[in-house]
Amino acid sequence: MLRSVTPDQLETLITFKADVQILDVRKKPAFEDDNVIAEGAEWRDPFALDAWAGDLDKAKPVICYCVHGHQVSQQTARALGELGFDAYYLRGGFDEWKLRSAPLVEKG
């Protein structure tokens, strides 16, 4: 079953420094065209999941977000779930996240 978190839930997790893995899985052009990322997130190429999934910790939940919270993040969360991860996608995606003025950091 595909599971999701709301922007409020993710913001709470970040605020209280929960031990979760936050993955920005926006397609590379969308990621490169933006100068910010969600606080605590790491960008991962959604089309190279096989190359990086083994770097994640299966003991920690994974939350994926893409631009709108549709296909890319949902497919990535589903694939991670099939690999045994406790995986979620962010409802509304990064667009909703930015509209809410949720925790952002400049990309380094």
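In this structure, ASP45 and LYS17 have a Cβ-Cβ separation that, at R0 = 30 Å, corresponds to a calculated FRET efficiency of about 0.70. The relative contact order of the chain, computed from alpha carbon pairs under 8 Å that lie at least 6 residues apart in sequence, is 36 percent. Proximity of backbone amide H atoms, modeled 1.01 Å from N, is registered between LEU104 and GLU39 at under 5 Å, excluding neighbours fewer than 5 places apart on the same chain. Under the simplified labelling scheme, the ALA79-LYS28 pair shows an inter-label distance of 1.4 nm, with each label point 7 Å from Cα along Cα→Cβ. Ranked for footprinting exposure by Cβ neighbours inside 10 Å, fewest first, SER101, SER73, SER4 give SER101, SER4, SER73. Beta-bridge orientation, the chain: approximately 20 percent antiparallel, per DSSP, counting only bridges with both partners inside. Alpha carbon centre of the range 78-108 versus the range 10-66: separation in Å? The two parts, judged by their Cα centres, are 6 Å apart. The magnitude of the dipole of the chain, with charges of +1 and -1 set on the Cβ of Lys/Arg and Asp/Glu and taken from the Cα centre, is near 220 debye. Considering all different alpha carbon pairs of the chain, the Kirkwood hydrodynamic radius works out to 13.5 Å.
Values quoted throughout were computed directly from the atomic coordinates according to the rules given, and no laboratory measurement underlies them. What you see is a predicted model, and the numbers here were worked out from it, not measured in a lab. Glycine also receives a Cβ, built like all others from the backbone with ideal geometry; neighbour counts cover every protein chain displayed.
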